[in-house]
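Have a look at the structure below, then the notes.
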Amino acid sequence: MPLPSSQGADAGMRVAETGRLVREAGGFVLQCEHGARLPLLLPRTPVDEVEKRVALTGIVEADGMLTVETIRLV
């Protein structure tokens with residue numbers, strides 16, 4: 001069963017998203033395909049994925065950020 005998107009997801013929920021990875025204000029955000037901007041907590045600096053279309057999975061945090069578990073180019 002596929003993971004849900006972050007839209008309406010509660011804190012602690014595992015989700016999947018696709019969109020464009022963008023550097024912003026010293027961090028990174030995902031410009032989601034459904035129009036939302038999702039701030040990300042990444043385990044590493046995504047050198048090859050910046051400004052490209054990616055798919056990722058992660059866990060929604062209480063502050064609305066997404067702790068990224070996996071990220072790949074699509």
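The values are calculated or read from the model by the stated rules, or taken from the named source; none is laboratory data. In this text the structure is predicted, and so the values were computed from the model without any measurement. Glycine gets a Cβ as well: all are built from the backbone with ideal geometry, and neighbour counts include every protein chain shown.
Considering region 51-64, the residues that are at pLDDT 95 or above and of a type outside the set (D, E, K, R) include one that is farthest from Gly8 (Cα to Cα), namely Val54. For region 50-74, what are the residues that are more than 19 Å from Leu3 (Cβ to Cβ) and surrounded by 11 or more Cβ atoms within 10 Å (Cβ to Cβ)? Val50, Lys52, listed by residue number.
Looking at region 1-21 only, could you name the residues that are touching a residue at least 24 places away in the same chain (Cβ under 8 Å) and surrounded by fewer than 16 Cβ atoms within 10 Å (Cβ to Cβ)? Result: Leu3, Gln7, Asp10, Ala11, Gly12, Met13, Arg14, Ala16, Thr18, Arg20. Residue pairs whose Cβ atoms lie under 6 Å apart, sitting 6 or more positions apart in sequence or on different chains, and linking a residue in region 22-33 that is in contact (Cβ under 8 Å) with a residue 60 or more places away in the chain and basic (Lys, Arg) to a partner that is crowded, with 16+ Cβ neighbours inside 10 Å and in a strand (DSSP E or B), do not occur here. Considering only residues that are among the acidic types (Asp, Glu) and loosely packed, with under 12 Cβ neighbours inside 10 Å, which ones fall in region 25-49? The answer is Asp48, and nothing else.
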